[in-house]
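Have a look at the structure below before the remarks.
The values are calculated or read from the model by the stated rules, or taken from the named source; none is laboratory data. None of these values were measured; they are calculated from a predicted model. Here Cβ is always computed from backbone atoms with ideal geometry, including for glycine, and neighbour counts include all displayed protein chains. We work out accessible area using only protein heavy atoms, side chains counted, and drop any ligands, DNA or RNA first. Shrake-Rupley method; radii C 1.70, N 1.55, O 1.52, S 1.80 Å.
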Amino acid sequence: MDTSKFYITTPIYYVNDKPHIGHAYTTILADVLARYHRLIGTPTFFLTGTDEHGQKVQQAADKRGVQPQAHVDETVVRFQELWERLEITNDDFIRTTEPRHKQVVQKILQDLFDRDEIYRADYDGWYCVTCERFFTEKDLADGKCPESGCGRDVERITETNYFFRMSKYQQWLIDHIEANPTFIQPDFRRNETLGFLKKELTDLCISRPKSRLAWGIELPFDSDFVTYVWFDALVNYITAAGYLSDDAAFAKWWPASYHLIGKDILTTHTVYWPTMLKAMGLEMPETIFAHGWWLVGRDKMSKSEGNVVDPMAFAEEYGVDPFRYFLMAEMSLGQDASFTEDAFIRRYNAELANDLGNMLNRVTKLIGSNFGGCIPECGELGEEEQALRDVTLKAARDMVESVGKMRLDLGLAELAGAVREANRYIEKRQPWALAKQGDAAHAELGTVLYTAGEALRIISGMFYPTMPGKMSELRQVLGCAAGDPDFASLSEWGGLESGAAIGEMRSLFPRIQRKKGDAAGAKAPEVAKKAKQNKPAGLALIEFTDFTKVDLRSVTILEAEKVEGADKLLKLQVEVGAETRQVVAGIAAHYAPEDLIGKTAILVANLKPATIRGVESNGMLLAATHKKKLKLVTLDGELPSGAKVG
Ligand code: MSP
């Protein structure tokens, strides 16, 4: 891969459809990759846009009784607004109806026609209106459109048209794919194209008679025809890079580093496009990367199923950054992935609300109360500090490596692991206990908080391309300079500025409470009432197997605070192994919140979640009571949190 520049493209989307999560995914993925390349200092050009010609647009405009141009001018806005909302940083947005694009397509057509790469002939075959593609009899799958995910009825068509001599490049294309293993990725998609090329390649019909379809770019050598929509659309990748209009720009950006596509448009990108480029005498893109599909649960997303996820509505409800993070972390590139609100909430609550939110909370609170809100000095690093430094710097390096390997999910998982490690570090070093020791431990407390804060500076910088909004806020709180971070400053330990004032603390990722009616919901008080009624003497004997149904675990209490408007309740964050959980406990009359921090307690870990006074509780702490006294059940000695009890 040429590392001197990075040029990345998304497919240009049909303007007819309302953008859905599939469109949002490819565009966010391109944005995240572009931002990581900018972070490491590579000159980057990121292109997206819309595909505005063709039969479907014409049909939709006819149905509304408006001109196609008026129709696309209205519908393109949905995409442009969505990209703005999702913080997409494309350098250009190309519309295929723009004069700059039409001119380039026409120049290419004229040149290919003049060189006999395009010829006129009669055509008789099958046509899929949805895919806007022609097929021979033997291409069809059981008489239907053979395109992956289509399978619709096809129409028989007999007409005169213009053809591109695609077939003559068949052997050249096979050789190119074989000689360049990263030209089509992942490997199984490369094999799919090679399989397709085992059949004899036909020439490509690149025109439509105006009598059948008027909405397209007119052929420069025959005004009775317009250009086939795919022949027009694919050219967008070179139009925007400056082909035939800006030689310097084109020399700088072409060939593209990545064409990102969904698996549904593999053939057009890995067969039509390379042969078109070859005929034009242009270099091949470095990699055409086909990602999988988002399924909703296990089902294909479709309008008729009514399960299409609206990215704008989702981002409005849960926030742009968590949405971007979930899409990037959940899909292993190349494979299909399943989108469910439940999976989103689980990941959000665990990795963002609990782990990352928690860490920021702890660091800023303690700096606020012990160092007047200024980043403390850092003393010599002990073993624990060095270990956290090493884990953090490794996660930062691995994130960059995972970008190169197109495995963002793995890089993000490493960063999430570093956050957990930092929380564990805080647990071990017990800064709240150091704070209680006053002057004697003040310098050590400073080193601990500096170390945790520095880990957070690096981690948030490396998360920044995925969650630019929230990570900017977080970095401001830490007193980092405004603007995009760069990798040079994130690959070295010690960038956090001692003495810098930290910003105002806020809850970056408030925990998402499950909605009423969910398993977690309003049933809880009912359950509590019944339990009380049954409590008196004479509980029935139970089998041992009944007891084993209860999952008891040791936990460390990380945070405790009063629940507003409820005198008896405390809201606790407890560590259960690698997980942090929120638990509501009726112990406020017996413990001051600060006295609980660092204590080991026992949690009923598999109790169904409940919402108590509007606060979600995931489990119950064991306590012994006698008369009006209450004491938490603790362990007789030290064990890590998450240890099984029973
Ligand atoms: N206009 C053509 C592309 C021309 S590129 C020169 C087109 N447009 S489209 O609006 O149908 O968008 C297709 C792209 O949207 C897919 O390739 C993929 O990037 C994305 N997705 C559409 N549905 C998807 C999912 N369910 N999941 C993930 N992405 C999918 O085809």
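Numerical summary
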read-out	value
Under 16 Å from K199, Cα to Cα: lysines that are on another chain or at least 8 residues apart	K138, K168
222 nm mean residue ellipticity, helices alone, for the chain (DSSP H n ≥ 4; -39,500 (n - 2.57); rounded to 500)	-12000 deg cm²/dmol
Burial ranking of peptide ranges 187-193, 627-633 (average Cβ count within 10 Å, highest at the top)	187-193, 627-633
Difference of contour (0.36 nm per residue) and Cα-Cα distance, E283 to A121	55.4 nm
Helical segments meeting 20 Å axial Cα length and Kyte-Doolittle -1.0 threshold in the chain (DSSP H)	21-39, 68-85, 99-114, 383-404, 408-429, 442-463
Accessible area of the stretch 413-524 divided out per residue, in Å², using a probe of 1.4 angstrom	41
Gap separating the Cα centres of the stretch 137-193 and the stretch 15-85, nearest whole Å	25
Nearest-20 debye value, the stretch 594-643 charge dipole, Cβ charges on Lys, Arg, Asp, Glu	380
Amide H contacts of K599 (H built 1.01 Å from N, under 5 Å, at least 5 apart or other chain)	I557
Cβ-based net charge around R38, under 11 Å, with every Lys or Arg adding one and every Asp or Glu removing one	-3
Accessible-area ranking of D91, D51, D247, D636, largest first, probe 1.4 Å	D636, D247, D91, D51
Neighbourhood net charge (14 Å Cβ-Cβ; Lys/Arg +1, Asp/Glu -1) for L410	-1
Peptides ranked, highest mean first, by Cβ atoms within 10 Å: ranges 363-375, 37-49	37-49, 363-375
Accessible carbon and sulfur surface of the chain relative to its total accessible area, %, 1.4 Å	50
Around A452: net Lys/Arg minus Asp/Glu count, Cβ-Cβ under 12 Å	+2
K428, K568, ranked by accessible area, largest first (probe 1.4 Å)	K568, K428
Gyration tensor verdict on the chain (Cα atoms; rounded if a/c is under 1.5, prolate if a/b is larger than b/c, oblate otherwise)	prolate
Heavy atoms of E594: accessible area, 1.4 Å probe, square angstrom to 10	120
Per residue accessible area in Å² of the stretch 562-644, where ligands, DNA and RNA are left out and the probe is 1.4 Å	57
Gain in span if fully extended, K436 to Q110, counting 0.36 nm per residue against the direct Cα distance	109.3 nm
Positive-end extreme of charge dipole, the chain - chosen from N180, I157, N361 (charges on Cβ)	N361
Other-chain or far-sequence residues with amide H under 5 Å of L295's (modelled H)	A337, S338, F339
Solvent-accessible area of W294 with every protein chain in place, 1.4 Å probe, in Å² to the nearest 10	10
Under 25 Å from K627, Cα to Cα: lysines that are on another chain or at least 8 residues apart	K529, K530, K532, K535, K562, K568, K571, K599
Cα-projected label distance for R397 with C374, points at 7 Å along beta-carbon direction, nm	3.5
Average accessible area per residue (Å²) across the stretch 144-266 - probe 1.4 Å, nucleic acids and ligands excluded	41
For S211, solvent-accessible area (1.4 Å; no DNA, RNA or ligand), Å²	120
Cys residues of the chain counted as unpaired, since no other Cys beta-carbon is under 4.7 Å	C205, C374, C378, C480
Two-site label geometry, A488 and D187: point separation in nm, points 7 Å out along Cα→Cβ	3.8
Net length gained if the chain between T158 and R64 were fully extended (0.36 nm per residue, minus Cα distance)	30.9 nm
V129-R407 FRET efficiency (beta carbon distance; Förster radius 35 Å; 0.05 resolution)	0.40
In nm, spacing of pseudo-spin labels at M1 and E74 (7 Å Cα→C-beta vector)	4.2
Computed magnitude of the charge dipole of the chain (debye, nearest 20; Cβ of K, R +1, Cβ of D, E -1)	2760
Residue-by-residue Karplus 3J(HN,Hα) for the stretch 218-225, coefficients 6.51, -1.76, 1.60, Hz, glycine and proline x	5, 5, x, 9, 7, 6, 7, 10
